[in-house]
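S.K.: Below you'll find the structure I mean.
The values are calculated or read from the model by the stated rules, or taken from the named source; none is laboratory data. A quick note: this is a predicted structure, and the numbers were derived from the prediction, not measured. Cβ: placed from backbone, ideal geometry, glycine included. Neighbour counts: every protein chain shown. Heads up: the accessible areas ignore ligands, DNA and RNA and are worked out on the full protein's heavy atoms, side chains in. Shrake-Rupley method; radii C 1.70, N 1.55, O 1.52, S 1.80 Å.
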Amino acid sequence: MRFDVLTLFPEMFTGFLQSSIIKRAHEKGLIATNLINFREYATDKHRTVDDTPYGGGGGMVLKPEPLFAAVDDILAQVDERPPVILMSPQGVPFTQAKAEELARHSHLVLLCGHYEGYDERIRQHLVTDEISIGDYVLTGGELPAMVLMDSVSRLISGVLGNESSAVDDSFSSGLLEYPQYTRPPEFRGMKVPDVLLSGHHARIEQWRREQSLLRTWQRRPDLLRTAALTEEDRAFLRELERKYSHEQ
Ligand SMILES: C[S@@+](CC[C@H](N)C(=O)[O-])C[C@H]1O[C@@H](n2cnc3c(N)ncnc32)[C@H](O)[C@@H]1O
């Protein structure tokens, strides 16, 4: 996967790119990241990238010329046009499904805004996607870009040491993940559920599935509307509903 990140603050990515799994993925050649400061594409003496909004109002707006020029430069290097993604609180909400869709590409271009926003022509004529990481407003698109890069990268084959860990993650199956435990079996009187120490794989699988369903039902019942559920899952959920309504 190649990420081209257009940002005015490339230094914000240092810790992210030089730590842990993302660092190793770069070392293994599974990911390549180009940080492009689009200020370098501004042509005036002061390398201006923003200006006051037409019509008045507070804040500065990113000008179209440097961003169009930077993206043109990237597109001139490649045969296949990659998605050009604008990080924006007005975009479609980022989800695991979107991360999976983006991970199928080999090249993504990410545009990080700053200040008040973008000239609308960037939104209308330069980008293919507009993505929000949540219903809140940040000072810039750098953290959202890192969120996207991190979640997409861990879906690329070989990035995680243990492939199955991404498969079991929350949202991958449409449900939240089951509770996890590790040694010791008892800590300050708090015990690990017996089933996990039983070595009985089928019972462990069933316990995990039920815990996943229970946790999703308790915390994110909205996910149950679209999750792929078996007849057994549905019976388990009906039983939860019955018990719950009994307690009311
Ligand atoms: C202060 S925000 C601009 C918000 C803009 N005035 C608006 O109301 O839509 C500056 C930049 O941060 C990024 N940003 C802020 N919140 C974001 C979010 N929730 N998801 C993705 N990007 C975000 C975008 O790149 C945005 O252009």
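S.K.: Among M12, M87, what's the order by accessible area (1.4 angstrom probe), most exposed first?
M.R.: Working: M12 85, M87 5 Å².
Order by accessible area, largest first: M12, M87.
S.K.: Please compute the per residue accessible area over the range 91-230 with all protein chains in place, 1.4 Å probe, rounded to a whole number of Å².
M.R.: Values: 8200 Å² over 140 residues.
Solvent-accessible surface per residue comes out at 59 Å².
S.K.: Translational D (Stokes-Einstein, µm²/s) of the chain at 20 °C and 1.002 mPa s when Rh comes from the Kirkwood sum over C-alpha pairs?
M.R.: Working: Rh = 21.2 Å.
In µm²/s, the coefficient is 101.
S.K.: Could you pull the accessible area for S165 with a 1.4 Å probe, rounded to 10 Å²?
M.R.: 50
S.K.: Run the helix sum for the chain: -39,500 (n - 2.57) per DSSP H stretch of 4+ residues, divided by residue count, reported at 222 nm to the nearest 500 deg cm²/dmol. Mind dumping the intermediate values first?
M.R.: Working: 10 runs with 97 residues, N = 248.
Rounded to the nearest 500, the figure is -11500 deg cm²/dmol.
S.K.: Still on this model: Tell me, what are the semi-axes, in whole angstrom and largest first, of the equivalent ellipsoid of the range 4-133 as set by the roots of 5 times the Cα gyration tensor eigenvalues? Spell out each step's value before the answer.
M.R.: On the way: eigenvalues 133, 60, 47 Å².
Value: 26, 17, 15 Å, ordered largest first.
S.K.: Report the FRET efficiency, 1/(1 + (r/R0)^6), for V92 and H201, where r is their Cβ-Cβ distance and R0 is 41 Å, rounded to 0.05.
M.R.: 0.55
S.K.: Tell me, what is the per residue accessible area of the range 13-62 in Å², probe radius 1.4 Å?
M.R.: Working: 3210 Å² over 50 residues.
Each residue of the range 13-62 exposes 64 Å² on average to a 1.4 Å probe.
S.K.: On the accessible surface of the chain, probed at 1.4 Å, how many percent belong to carbon and sulfur atoms? Display every interim value, and only then the final one.
M.R.: Details: 7510 of 14930 Å².
In the chain, the share of accessible area belonging to carbon and sulfur is 50 percent.
S.K.: Cα axis of helix 142-153 to longest principal axis of the chain: angle in degrees, 0 to 90, nearest 10?
M.R.: Between the helix axis and the principal axis of the chain, the angle is about 50 degrees.
S.K.: Then there's this: Any chance you could run the full-extension gain for S245 through T139? It's 0.36 nm times the residue separation minus the Cα-Cα distance, nm to one decimal.
M.R.: Extra length from S245 to T139 when fully extended: 33.7 nm.
S.K.: Moving to a separate point now. Would you mind calculating the relative contact order of the chain from Cα pairs under 8 angstrom and at least 6 residues apart, reporting the percent as a whole number? Numbers along the way, then the final one.
M.R.: Working: 331 pairs, mean separation 45.4, N = 248.
This gives 18 percent for the chain.
S.K.: With a point put 7 Å past each Cα toward its Cβ, work out how far F187 is from R47 in nm, to one decimal.
M.R.: Going by the 7 Å Cα→Cβ label model, 4.8 nm.
S.K.: What value does the range 186-247 have for Rg/Rh, both radii from Cα atoms and Rh as Kirkwood defines it? Walk me through the numbers before you get to the answer.
M.R.: Details: Rg = 13.8 Å, Rh = 13.2 Å.
Rg divided by Rh gives 1.04.
S.K.: Continuing with the same structure: With a 1.4 Å probe and all protein chains in place, put D51, D119 in order of accessible area, largest first. It would help to have the intermediate numbers written out before the result.
M.R.: Details: D51 75, D119 30 Å².
Sorted descending by solvent-accessible area, the residues read D51, D119.
S.K.: Sticking with this one: Reachable lysines from K45, Cα under 22 Å, same-chain residues fewer than 8 places away excluded?
M.R.: K63
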